[in-house]
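The values are calculated or read from the model by the stated rules, or taken from the named source; none is laboratory data. Small disclaimer: the values here were computed from a predicted structure and weren't measured. Cβ sites come from the backbone with ideal geometry, for glycine too, and all protein chains shown count toward neighbours. With ligands, DNA and RNA removed, areas are computed over all heavy atoms of the protein, side chains included. Shrake-Rupley method; radii C 1.70, N 1.55, O 1.52, S 1.80 Å.
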Amino acid sequence: MGLLDGKNALIFGLANDKSIAWGITQALHREGAQIGISYAGETLKRRVVPLAEQIGCKWVEECDVTKDEHIAATAEKAAAHFGKIDVLVHSIAFAGREELTGPYYNTTREGFKNAMDISVFSFVALTKAFQPILNPGASLMCMTYYGSVKVAPHYNVMGVAKAALEATTRYLAYDLGPQKIRVNAISAGPIRTLAAAGVGGFRDMYKHFADMSPMRENITIEDVGNAAVFLASDLSARITGDVLYVDSGFNTVGVQMNPEAKSE
Ligand code: NAP
């Protein structure tokens, strides 16, 4: 018996086997969910199809979330294949490399709009498009990062986008609460992925995290996958509009000191 037996789950944002979306896909599959996967473009298809095959997923569709027609077509195809949906995972973000280094005030108008469109508005648009085929008790989730709350050097416009994504999570949770549909965010610690590689100074930040977090270790896509199972399952039936930290406790520490430093 899996925690997600009989549930249909759609994953947005799978790029490769390092993606957070892959950790989530594997965990939801392990718990018995039927999986549907969407990918962003033709070049990704080659990497995503073999991953889908590994978990027996037959529904793999292109969806560039900057295109309304892609989103509408994806919702239609999902309705035809699955009928109703129980879990929707938004694991998508984008900002130009030039926006993720140097001072935040250098963000361009175009860069700001793009980051907000792809990383935030897409969650609103997907929710609207899929809302008619969501089962009561359905769970929607998105991926955020602590740079939304405190400054993470170089994270810049993406930190601002994540703040908007977390606020979006609360507003969507309020809208869909009466239908017993829940909306939450997972705030993951740094993980080496394609998207993370674009953030200036990521390597140093990754190491600092392992040195300074209460648990003194980095997190994995499996950790995020297991948290996603909890949010997708009925175990979290009354949790909505929330941000669940999967970060070895990093966000709980106010003053970071080298743990080896002498106390006097
Ligand atoms: P990833 O594997 O690169 O995933 C990012 C995904 O977003 C890719 O599949 C990417 O597709 C997709 N995407 C970008 N533009 C898109 C568009 N127009 N339409 C549809 N999809 C699009 O990196 P990841 O680290 O797993 O990121 C997943 C989520 O976790 C993001 O929201 C990220 O901000 C968040 N997160 C990451 C970390 C971390 O340290 N890695 C920590 C906390 C939160 P393309 O490759 O085709 O662009």
Checklist outcome for this item: Taking every other residue with Cβ under 11 Å from the Cβ of PHE82 and scoring Lys and Arg +1, Asp and Glu -1, one gets +3
Item to check | 5 angstrom amide H check on GLY36, placed H, neighbours 5+ away | outcome: ALA9, LEU10, ILE11
Checklist entry - Each residue of the range 73-89 in order: what ³J(HN,Hα) in whole Hz does its phi give by Karplus 6.51 cos²θ - 1.76 cosθ + 1.60, θ = phi - 60°, with x for Gly and Pro? => result 5, 5, 5, 4, 5, 5, 4, 5, 7, 9, x, 10, 10, 10, 9, 10, 10
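Compute the relative contact order of the chain as a whole-number percentage, counting only Cα pairs closer than 8 Å that sit 6 or more residues apart in sequence.
Answer for the chain is 20 percent.
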Item to check | Calculated from backbone phi, Karplus (6.51, -1.76, 1.60) coupling profile of the range 157-174 in Hz, x at Gly/Pro | outcome: 4, 6, x, 5, 5, 5, 4, 5, 5, 5, 5, 4, 4, 5, 5, 5, 4, 5
Checklist entry - Protein chains only, probe 1.4 Å: how do ARG97, ARG47 rank by accessible area, largest first? => result ARG97, ARG47
Checklist entry - What whole number of Å gives the distance from the Cα centroid of the range 184-208 to the Cα centroid of the range 245-264? => result 18
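I need to check one value: relative contact order of the range 186-264, counting alpha carbon pairs closer than 8 Å and at least 6 residues apart, in percent.
Taking the mean separation of contacting Cα pairs over the length of the range 186-264, I get 43 percent.
Convex hull volume of the Cα atoms in the chain, per residue, in Å³?
133
Kindly provide the helix-only [θ] at 222 nm of the chain, computed as the sum of -39,500 (n - 2.57) over DSSP H runs of four or more divided by all residues, to the nearest 500 deg cm²/dmol? Kindly include the intermediate steps, with their values, before the conclusion.
Details: 9 runs with 104 residues, N = 264.
Computed ellipticity for the chain at 222 nm equals -12000 deg cm²/dmol.
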Item to check | Out-of-range pairs (alpha-carbon distance over 32 Å; input LYS113/LYS150; LYS7/LYS207; LYS45/LYS84; LYS180/LYS207) | outcome: LYS7/LYS207; LYS180/LYS207
Item to check | Accessible heavy-atom area order of ASP86, ASP234, highest first, probe of 1.4 Å | outcome: ASP234, ASP86
Item to check | Residues of type aspartates and glutamates that LYS58 reaches as a straight line, Cα spacing below 20 Å, ignoring anything fewer than 8 places off in the same chain | outcome: ASP5, ASP17, GLU31, GLU42, GLU76, ASP86
Checklist outcome for this item: When every protein chain stays in place and a 1.4 Å probe is rolled, MET1, MET158 sorted by accessible area with the largest first are MET1, MET158
Checklist outcome for this item: Shape call for the range 105-168, from the Cα gyration tensor axes a ≥ b ≥ c (a/c under 1.5 means rounded, otherwise prolate when a/b beats b/c, else oblate), comes out oblate
Next on the checklist: Using a 7 Å offset from Cα along Cα-Cβ at GLU260, what residues in the range 192-228 end up with backbone N under 19 Å from the label point?
Outcome noted: 204-218
Next on the checklist: So for the range 42-95, considering every pair of alpha-carbon atoms, how many percent are separated by more than 18 Å?
Outcome noted: 41
Next on the checklist: Can you give me the angle between helix 42-54 and the longest principal axis of the chain, using Cα atoms only, in degrees from 0 to 90, rounded to the nearest 10?
Outcome noted: 80
